[in-house]
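Nothing in this text is a laboratory measurement; each read-out follows from the coordinates by a stated rule. Only a predicted model underlies this, so the values are computations on that prediction, with no experimental measurement involved. Quick reminder, even Gly has a Cβ in these numbers, built from the backbone with ideal geometry, and neighbours come from all protein chains shown.
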Amino acid sequence: MIKHLSKISGVAAFAVIASSASAEVAINENLSLDGYATAAAVVTEPSAGKDKVFNDSGRVYDSVKVALNGKYDAFTSKVSLLALTGADTGTSDSSGLLDAYVTYKAGDFAVTGGKFLSWLGYESFDTPNNAFISFGSSDYFGNYGSGAKIEYIAKSYSTGVSVRDSLDGSGNFQEGDSDFSDELGYEAYFLYTGIEKVTVFLGAGYENTKDGAEIQTYNAWVSYAVTDKLTLAAEYANKKDLTSYSWLTQASYAVSDAVSIAARLTGKDTTTGEAFGYGAASTYTLSKNFAIKGEVTKFENNTSADSFSYAVQGLFKF
């Protein structure tokens, strides 16, 4: 299901994976809860040596997220909290507020104010919605930010623009800088579903920082449901003066209602060098609330040692 009013990325290609969706717990007719908890064992082995390293925990591997959803007439809202066993955001914080917004829908238009997730990026911010535990080398997904956005949602397409406190965020739970006096960030997207089984996304972001630098970013992805079980996807993205380009291709296949597999190729060219990655993953869904993921990935870099990783993750969702 494409989540037009919140985060779009990742859900189209992963719709065939049984573990991708959470089941909301109804409190009453106006309120519901959803969320997840993950715990993983991840080992990275540098190919230049024999040392094996247990990866740091954080949002991708070990986390708990709880969200309260509200609805009343034409209004919907969401407030979510994220707790980490170890922060991987560049700060010492181990918990914080993610979503905190209200949306008003009138006809085909939707207006949102508060703190919300960017539209940009194919892979979802929430690792349970992805076929893989880790992100690809493109590692491209939008940040959280505070501001306002407006969307037009038609039958075969949707489009929107947003104004946020910043584009790249402060590094604390992928949020903006909470400063609206300068350095505002702008985003726009267009999503097309008018061709059967095909989803096309185009997005862009811009910010003029206080030191005179410009942040420009572009993101495009397409997914194609070849069959009810097989989905193919491809993504291209870049960030001015940081990433010349990054790309991702992925195939996801539902072997059965309980078992799914995926394969991924990724690459990027940045100011520090080039990287190429590939890997395979599988998800085993034991129940509607619990699944186990496993993956094997390899990254080749021209500026540092290659790395080989393998991981297993338990995922509880509600």
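Odds and ends about this structure:
- Charge tally for GLY314 (other residues, Cβ to Cβ under 12 Å; Lys, Arg +1; Asp, Glu -1): +1.
- Between PHE180 and THR159, residue separation times 0.36 nm minus the direct Cα-Cα distance comes to 5.2 nm.
- In range of the label at TYR236: residues from segment 246-271 whose backbone nitrogen is under 12 Å from the point 7 Å along Cα→Cβ: 246-248
- Taking label points 7 Å from Cα along the Cα-to-Cβ direction, ALA37 and THR227 give a separation of 3.8 nm.
- Net length gained if the chain between PHE316 and VAL64 were fully extended (0.36 nm per residue, minus Cα distance): 89.8 nm
- Listed residues TYR253, SER95, LEU81: farthest to the positive end of the dipole of segment 25-317 (Cβ charges): TYR253
- Using a Förster distance of 41 Å, the FRET efficiency for ALA280-TYR192 (Cβ separation, nearest 0.05): 0.85
- For segment 25-317, size of Cβ-based charge dipole, Lys and Arg +1, Asp and Glu -1, in debye: 900
- Taking 0.36 nm per residue of sequence separation and removing the Cα-Cα distance, the ASN289/TYR152 pair yields an extension gain of 46.0 nm.
- Each part reduced to its alpha carbon centroid, segment 116-165 and segment 255-287 end up 19 Å apart.
- Put in order of Cβ neighbour count within 10 Å, fewest first, the listed residues GLU24, GLU123, GLU207 become GLU24, GLU207, GLU123.
- Residues in segment 276-287 carry Karplus couplings, in order, of 9, x, 8, x, 9, 9, 8, 10, 10, 8, 7, 7 Hz; the curve used is 6.51 cos²θ - 1.76 cosθ + 1.60 with θ = phi - 60°, and Gly or Pro positions show x.
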